[in-house]
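Q: My structure is below; once you've seen it, I'll send some questions.
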Amino acid sequence: MTQVAYKATFVRQLDKLELYVQTEVLEKIEQFKDSANHRQLKVHKLHGQLKDFYSFSVNYRLRIIFEYLSKNEVVLLAVGDHEVYR
């Protein structure tokens, strides 16, 4: 089971989302904690300036950017649409 920490910027971005979207994000985070679901969530390594980070899909529009701290620990950095990659 993956341990998840949250950056303050992630929490602020999450709070700005509509309530039903917040619920969907939290459900996907729970799924993400089990590495067996990573394929379904489309977990992938990013490139370019974000080459040290990873991302997974919440839905067709939203993505979560995260960083591995260790094999079983991650910190969630940002949540948003594709603009979150900029």
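The values are calculated or read from the model by the stated rules, or taken from the named source; none is laboratory data. Values in this document were obtained by computation on a predicted structure and should not be read as measured data. Don't worry about glycine lacking a Cβ; one is built from the backbone with ideal geometry, like all the others, and counts go over all protein chains shown.
Q: Any residue at all in region 70-85 that is on the phi > 0 side of the Ramachandran plot, without any contact (Cβ under 8 Å) to a residue 24 or more places away in the chain and outside any loop (DSSP other than H, G, I, E, B)?
A: no
Q: Which condition number does residue 71 fail, the rest of (1) over 9 Å from the mean Cα position of the chain (by Cα); (2) closer than 19 Å to residue 5 by Cα; (3) modelled with pLDDT of 95 or more being met?
A: Against the list (1) over 9 Å from the mean Cα position of the chain (by Cα); (2) closer than 19 Å to residue 5 by Cα; (3) modelled with pLDDT of 95 or more, residue 71 comes up short only on (3).
Q: Test each condition in (1) touching a residue at least 24 places away in the same chain (Cβ under 8 Å); (2) charged (D, E, K, R); (3) closer than 20 Å to residue 85 by Cα for residue 63 and report the one that comes out false.
A: In the conditions (1) touching a residue at least 24 places away in the same chain (Cβ under 8 Å); (2) charged (D, E, K, R); (3) closer than 20 Å to residue 85 by Cα, residue 63 misses (1) alone.
Q: Give region 15-31 a look and list any residue that's touching a residue at least 40 places away in the same chain (Cβ under 8 Å) and part of a helix (DSSP H, G or I), or say none.
A: We begin by selecting, within region 15-31, every residue touching a residue at least 40 places away in the same chain (Cβ under 8 Å); these are 17, 21, 25, 29.
Across region 15-31, the qualifying residues are 21, 25, 29.
Q: Also: Which members of region 34-44 meet the condition of being surrounded by 12 or more Cβ atoms within 10 Å (Cβ to Cβ), farther than 15 Å from residue 74 by Cβ and in contact with a strand residue (DSSP E or B) (Cβ under 6 Å, 6 or more places away or on another chain)?
A: none
Q: For residue 60, indicate whether it is at pLDDT below 95 and either of a type in the set (A, V, I, L, M) or surrounded by fewer than 15 Cβ atoms within 10 Å (Cβ to Cβ) (or both). It would help to see each step written out before you state the result.
A: Working: at pLDDT below 95: yes; either of a type in the set (A, V, I, L, M) or surrounded by fewer than 15 Cβ atoms within 10 Å (Cβ to Cβ) (or both): yes.
Yes, satisfied.
Q: Please verify whether region 20-33 includes one or more residues that are polar (S, T, N, Q), at pLDDT 95 or above, crowded, with 16+ Cβ neighbours inside 10 Å and out of contact with any Ser or Thr (no Cβ under 7 Å at 6 or more places or on another chain). Before you say what the answer is, go through the steps one by one.
A: Of all residues in region 20-33, those polar (S, T, N, Q) come to 22-23, 31.
Restricting the remaining residues to those that are at pLDDT 95 or above gives 22-23, 31.
Filter again for crowded, with 16+ Cβ neighbours inside 10 Å, leaving none.
Looking through region 20-33, none of the residues is polar (S, T, N, Q), at pLDDT 95 or above, crowded, with 16+ Cβ neighbours inside 10 Å and out of contact with any Ser or Thr (no Cβ under 7 Å at 6 or more places or on another chain).
Q: Kindly provide the set of residues from region 63-86 that are of a type in the set (Ser, Thr, Tyr) and either in contact with a Lys or Arg (Cβ under 9 Å, 6 or more places away or on another chain) or surrounded by 16 or more Cβ atoms within 10 Å (Cβ to Cβ) (or both), ordered by number.
A: 85 - this is the single residue of region 63-86 that is of a type in the set (Ser, Thr, Tyr) and either in contact with a Lys or Arg (Cβ under 9 Å, 6 or more places away or on another chain) or surrounded by 16 or more Cβ atoms within 10 Å (Cβ to Cβ) (or both).
Q: State all residues of region 45-69 that are more than 18 Å from residue 9 (Cα to Cα), among the basic types (Lys, Arg) and either in a strand (DSSP E or B) or touching a strand residue (DSSP E or B) at 6+ places or on another chain (Cβ under 8 Å) (or both); if no residue qualifies, say none.
A: Matches in region 45-69: 45, 51.
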